[in-house]
């Protein structure tokens, strides 16, 4: 079997292939890969059995991550909740076998895939499950009234009604002003969690590369931003990617109002699914929050070759100490830490 590789930012076959493939998602798109390249210098590459110049029949998108701190590796894809290989199980296994044989000569510490459906990855030789999460997805096919009735009465319905009584104001768009409001709330949230924020330039690049597919949504109380989410629309799916809030105002129901507005917009645009993103399996609060909207949880497993555990910002005693330090940093230093750290952990 012959395996070929190409840069999906330069090969005109890739984006139409992703658009037409039933498993093609925003994380496969050239727009998302361009944002990763601009921000972190992660070189995108697609491996396929299709020869150059022919219509693509399969492809697995990766980024080559090179780091003096965490080593070089091949990841599909960094900072992406999931990235289903666009290949059948047999092609997937053969491509992974080829990559396995190439790993040492390329000096990759490991190769990682993040499929939604693991069958092909699990059959590839020596590929081992490295991390386990859960993914929550809300079916948007019912009517808005039915969706609302299916929300948890006290945890969702009443919070939406509370937000409406509080007369929270809603804004959406992609302006620098909205991005600043979002990022200020993100700093508060990441500090609360004892974690550095993603670099501001990442969000600027995502906005620039995804264009009108992306919306920053913000609710405010008396002019004070209290909660924000970032959603991305691709094909018939709305993706919830980032969320943050000022915890002093959480009782006003701002987060619930944002999710409800996003669902209303998705229904108006004829979308069929709301991808609420991955959750850590031990974060029962987050999983319950998403399931209270009627979302269904499903396993989301990552696979590596050879087996290695992921580096986490939220595990281990050293990290717990670091989280205490992060929580005390001034905003400028906390943001600078994020700029320095994130390119090494993708």
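Some values worked out for this structure:
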{"item": "Estimated FRET transfer efficiency (residue 327, residue 236; beta-carbon r; R0 30 Å; 0.05)", "result": "0.15"}
{"item": "On Cα atoms only, tilt of 89-106 relative to the major axis of the chain in degrees", "result": "80 degrees"}
{"item": "Most mobile of 48, 146, 281 in a GNM of the chain (Cα contacts under 10 Å)", "result": "146"}
{"item": "Sites residue 264 and residue 1, calculated FRET efficiency, Cβ-Cβ separation with R0 35 Å, nearest 0.05", "result": "0.15"}
{"item": "Solution diffusion estimate, µm²/s, Stokes-Einstein, the stretch 141-271, Kirkwood Rh from C-alpha pairs, 20 °C, viscosity 1.002 mPa s", "result": "140 µm²/s"}
{"item": "For the chain: rounded, prolate or oblate by the Cα gyration tensor [a/c cutoff 1.5]", "result": "prolate"}
{"item": "Approximate spin-label separation residue 161-residue 251, in nm, with each point projected 7 Å along Cα-to-Cβ", "result": "1.9 nm"}
{"item": "Folded to 0 to 90 degrees: helix 30-40 orientation relative to the chain principal axis, Cα", "result": "90 degrees"}
{"item": "Nearest-ten-degree value, helix 317-328 long axis tilted from longest Cα axis of the chain", "result": "40 degrees"}
{"item": "FRET efficiency estimate (nearest 0.05) - Cβ-Cβ, residue 9 to residue 224, R0 51 angstrom", "result": "0.80"}
{"item": "Residue-averaged 222 nm ellipticity for the chain, from DSSP H runs of 4+ at -39500 (n - 2.57), nearest 500", "result": "-11500 deg cm²/dmol"}
{"item": "Candidates 144, 185, 168: whichever shows maximal mean-square fluctuation once the chain is modelled as a Gaussian network with Cα springs under 10 Å", "result": "144"}
{"item": "Tensor-based shape of the stretch 215-291 (alpha-carbon gyration tensor, a/c under 1.5 rounded, otherwise prolate or oblate)", "result": "oblate"}
{"item": "Candidates 231, 128, 50, ranked by Gaussian network fluctuation over the chain, Cα under 10 Å, top entry", "result": "50"}
{"item": "Point-to-point label distance, residue 146-residue 67, nm (Cα→Cβ direction, 7 Å offset)", "result": "4.4 nm"}
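Since every read-out is calculated from the coordinates, none of them should be taken as a lab result. Small disclaimer: the values here were computed from a predicted structure and weren't measured. Cβ coordinates were reconstructed from backbone atoms using ideal geometry, including for glycine residues, and neighbour counts include every protein chain displayed.
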